[in-house]
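Worksheet for the structure shown next.
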Amino acid sequence: MNGSNRTFTPQSNPETNRATHQVAIEKVTGLNSHHAEDTLAVEEPLEIQLAHGPLNARSLKSISVTMRTPGHDFDLAAGFLMTEGVVRDPNDIDRIVYAAGRISEVPTTNPTQSSLPYQPTKNIVRVELAPEVVVSLANLERNFYTTSSCGICGKASLLALQTVCPPRRKNIFNIDTAILYKLPDSLREAQSLFNRTGGIHGAALFDATGNLLTAREDVGRHNAVDKLLGAEFLADRTPLRNALLLLSGRASFELLQKALMGGVPMVVAVGAPSSLAVQVAKDFDITLIGFLRDNHFNIYHGAEHILGHASN
């Protein structure tokens, strides 16, 4: 990135920080049980604040609170703003910092009442934009994509997406079928938190040869993707025209929207896509694959980009 005053403080490895928590359990096998410990993925709120406007008239607004696994918080904030269309270039961001203070909470009078006490440290991230960046708060407040239960029809969501998406480019990303089959195992090997907790989503970027580029984990599917794309955005590597996005779960509209904003030409999911996700793939020419497991997968759009298989 070519910038002058940008501040992105290195973050601790989430594995050794606050991403997991040990709890006492009773483990039952057959008709026998014993006391044991289990490792859980931590879920805590992250408030994202946005500071923008001229230096002599800055505005500060809280734009989102998301439940996430602590770690890579700056990537998450940057990825959220990029996929929302608030920022389009890493130079739009002057710095990202943890803000003083904490999200409002109800104090626990008796700490023993909770086996997983809330940890308020570093749960507010402030993104300070360059003074010349103009922010459309109306677009943020509209929050047109949120979730499949947001009550906005598919047509309206697609029209809103077209107003903020980057220019359409020809999809030239191809991959061999044999390489595709290897990707879930590569993602699983990179999911250290999943291997310890069994309860966390993963997202990863791969090149056409199956080389793992970046991977992120989070209790929220959308957070994992925001962390992943945010890391690439801050490193000035977007749009990602030569990479595919692999999801450990299903492919929803919001995840296809994030892939589109990041310039990703192919989305591969271990689970199922939604109907609106398929529509986004067709409208914006994103190759979409679902149910990539064992020795099979479904191609929902872009079959010409999947090489090395015979069509009957």
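The values are calculated or read from the model by the stated rules, or taken from the named source; none is laboratory data. Just so it is clear, the model here is predicted, and its values are computed rather than measured. In this analysis, Cβ positions are derived from the backbone assuming ideal geometry, glycine residues included, and neighbour counts consider all displayed protein chains. To get the accessible areas, we keep the full protein, side chains included, count just its heavy atoms, and leave off ligands, DNA and RNA. Shrake-Rupley method; radii C 1.70, N 1.55, O 1.52, S 1.80 Å.
Here are the numbers for the structure shown:
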{"item": "Of LYS122/LYS182; LYS182/LYS282; LYS170/LYS258; LYS27/LYS182, pairs whose Cα-Cα distance is over 27 Å", "result": "LYS122/LYS182; LYS27/LYS182"}
{"item": "Gap separating the Cα centres of region 61-87 and region 259-312, nearest whole Å", "result": "26 Å"}
{"item": "Computed lengthening from ALA178 to ASN91, 0.36 nm per intervening residue step minus Cα-Cα distance", "result": "27.4 nm"}
{"item": "Theoretical gain in end-to-end length, ALA57 to ALA24 [0.36 nm per residue, Cα-Cα removed]", "result": "6.7 nm"}
{"item": "Cleavage-rule hits (trypsin sites (Lys or Arg not before Pro)) in region 159-246: DSSP loop, at most 12 neighbouring Cβ within 10 angstrom", "result": "ARG168, ARG169, LYS170"}
{"item": "LEU307/ARG196 FRET efficiency (R0 51 Å; Cβ-Cβ; nearest 0.05)", "result": "0.90"}
{"item": "Under-5 Å amide H pairs with ILE124, H placed in peptide plane, nonlocal only", "result": "GLU47, ALA99"}
{"item": "Rounded, prolate or oblate (a/c below 1.5 giving rounded, otherwise prolate when a/b exceeds b/c) for region 211-286 by Cα gyration tensor", "result": "oblate"}
{"item": "Region 188-312: antiparallel DSSP beta bridges as a percent of all, rounded to 5", "result": "65 percent"}
{"item": "Cα-based shape type of region 13-71, given that a ≥ b ≥ c are square roots of the gyration tensor eigenvalues and the cut on a/c is 1.5", "result": "prolate"}
{"item": "Residue-normalised accessible area of region 184-312, expressed per residue, 1.4 Å probe, Å²", "result": "37 Å²"}
